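Here is the structure we will look at, set down as structure tokens.
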Amino acid sequence: MTVTPQTDEARPGDALVRAGGVVFIVGAVATLATMAPLFLDVDPFPSYAWAVCMLMGVGFAISAAGVLRSASAQRRAAKASQGS
């Protein structure tokens, strides 16, 4: 079993995971805001507000791309260390 050293430097994909998390949270807040009028018996928001809710899925996809990029970089580093 190999141990991954813990460093403070950014690895490939870290920025994508962070950005995806921020986009996901913005989408989650938008979802809560657009669903609230349905329960509070007030006028619903216009359709473009509902489109902002789709940022949850976009943020998830961005984070998944960051995880895949990180895994790919770790796999390449493992192959390089085995070859030498």
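Name, by its number, the condition in (1) open to solvent by 60 Å² or more (accessible area, probe 1.4 Å); (2) hydroxyl-bearing (S, T, Y); (3) within 30 Å of E9 (Cβ to Cβ) that does not hold for S63.
Status for S63: all satisfied but (1).
Search region 34-48 for residues that are in contact (Cβ under 8 Å) with a residue 12 or more places away in the chain and pair each with any residue that is of a type in the set (D, E) and open to solvent by 100 Å² or more (accessible area, probe 1.4 Å) when their beta-carbon atoms are under 8 Å apart and the residues are at least 6 apart or on different chains.
As it stands, the answer is none, since no pair meets every condition given.
Take the conditions polar (S, T, N, Q) and open to solvent by less than 80 Å² (accessible area, probe 1.4 Å) and apply them to S47. Does it pass?
No; evaluated as a whole, the condition is false for this residue.
The values are calculated or read from the model by the stated rules, or taken from the named source; none is laboratory data. In this text the structure is predicted, and so the values were computed from the model without any measurement. Quick reminder, even Gly has a Cβ in these numbers, built from the backbone with ideal geometry, and neighbours come from all protein chains shown. Protein only, heavy atoms only, side chains kept; ligands, DNA and RNA dropped before computing areas. Shrake-Rupley method; radii C 1.70, N 1.55, O 1.52, S 1.80 Å.
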